[in-house]
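*Asks:* For reference, the structure I am asking about is given below.
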Amino acid sequence: MTVPPRSHIDSRLPRVLDEAARLFRSKGFEATSVRDIARAVGMLPGSLYCHFATKEELLAAVYLKGVEQISNAVQIVIQRHDDPWDRLEAACIAHLESILHDDDYAQVVIRVRPADVPVANQNLIDLRNRYEALFVALIKALPLQRGTDRQALRLMLMGALNWSQTWYRADGKFKARAIAHKFVALLRQGQEVKT
């Protein structure tokens, strides 16, 4: 048997990631096998090992792409605003639009918890923390009342944003922009420094 040229193997990497993301989202990480992914791509299971030594490494690559997509969307919109509250609201809108959009990568980031994959746990936590550093900076810049626990505020906001994917309905009353506006307005009410 001849080995395909390296460029052919590398050219299938985007499809490997796309199919892995689709399957991890639809079947779950545990229920998805390397054989399932290889079959979806049209390659032998052993060929996947040219790219990834383990299924967990493949998950980390999918997770990284999802985090990068969400992060890029947030970074683009916050650059358009100077006011700290406007920047936070823009970030929340971009985050919600990313995770509520029918995208396999974003759904893997939201649905696969690091603790569910002990072998990849720390890697996934590091990726998530790198993204959440954007929100650490946004919350730090807010003019809040003295003594406000900014970490608790961020965790509450991120939890609310991420949980929305379980109850959000595309045909529902509120769109992502309106939800983000309401979340930030609630934070601002009673938290903003009185002038």
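Laboratory data are not the source of any read-out in this text; all were calculated from the coordinates shown. Everything numeric here is computed off the predicted structure, so don't read it as measured data. Neighbour counts run over all protein chains shown; Cβ positions are idealised from the backbone, glycine included.
*Asks:* Hey, what angle do you get for helix 176-188 against the long axis of the chain, alpha-carbon based, 0 to 90 degrees rounded to 10?
*Replies:* Between the helix axis and the principal axis of the chain, the angle is about 40 degrees.
*Asks:* Students often forget the sequence filter, so: which lysines lie under 29 Å Cα-Cα from K55 once same-chain residues fewer than 8 apart are removed?
*Replies:* K27, K65
*Asks:* With the convex hull built on the Cα atoms of the chain, state its orientation-averaged projected area in nm². Provide the component values of the computation, followed by the final result.
*Replies:* Working: hull surface 52.5 nm².
Approximately 13.1 nm², given one-decimal rounding.
*Asks:* Using the Cα centre of the chain as the reference point, and only Cβ charges (+1 on K/R, -1 on D/E), how large is the resulting charge dipole? Debye, rounded to the nearest 20.
*Replies:* Here the size comes out at about 280 debye.
*Asks:* Just to be sure I understand the curve: with the Debye formula and one point per C-alpha of the range 60-107, what is log10 I(q)/I(0) at q = 0.18, 0.19, 0.27, 0.30 Å⁻¹?
*Replies:* -0.52, -0.57, -0.90, -1.01
*Asks:* Residue-wise, which Karplus ³J(HN,Hα) couplings in Hz belong to the range 93-99, taking 6.51 cos²θ - 1.76 cosθ + 1.60, θ = phi - 60°, and x for glycine or proline?
*Replies:* 4, 5, 4, 4, 4, 5, 7
*Asks:* Also, I was wondering about something else. Counting only C-alpha contacts under 8 Å and six or more residues apart, can you give the relative contact order of the chain as a whole percent?
*Replies:* Working: 174 pairs, mean separation 42.6, N = 195.
Contact order relative to length: 22 percent.
*Asks:* Then there's this: Kindly put E30, E89 in sequence by how many other C-beta atoms sit within 10 Å of each C-beta, fewest to most.
*Replies:* Working: E30 11, E89 23.
In increasing order of surrounding Cβ atoms, one gets E30, E89.
*Asks:* Moving on. How would S11, S98, S47 line up from fewest to most surrounding beta-carbon atoms within 10 angstrom? Walk me through the numbers before you get to the answer.
*Replies:* Numbers: S11 11, S98 22, S47 16.
Least crowded to most crowded, the residues run S11, S47, S98.
*Asks:* What list of ³J(HN,Hα) couplings, whole Hz, do you get for the range 83-88 from phi and the Karplus terms 6.51, -1.76, 1.60, once you set θ to phi - 60° and write x for glycine and proline?
*Replies:* Each residue of the range 83-88 in turn: 5, x, 5, 5, 5, 5 Hz.
*Asks:* For K182, list the lysines whose Cα falls under 17 Å from its own Cα; do not include residues on the same chain fewer than 8 positions away.
*Replies:* Once the sequence-local lysines are set aside, what remains near K182 is K173.
*Asks:* Can you give me the C-alpha center-to-center distance between the range 11-41 and the range 95-153, rounded to a whole angstrom?
*Replies:* If we compute the Cα centre of each part, the gap is 24 Å.
*Asks:* Could you work out which residue, out of V74, V108, V16, moves most in a Gaussian network model of the chain, that is, has the largest mean-square fluctuation with Cα springs under 10 Å?
*Replies:* With Cα springs under 10 Å in the chain, the top fluctuation among V74, V108, V16 is at V16.
*Asks:* For each of H181, H95, count neighbouring Cβ atoms within 10 Å of the residue's Cβ, then give the residues from fewest to most. Working shown, then result.
*Replies:* Numbers: H181 15, H95 26.
The fewest-first ordering by Cβ neighbours comes to H181, H95.
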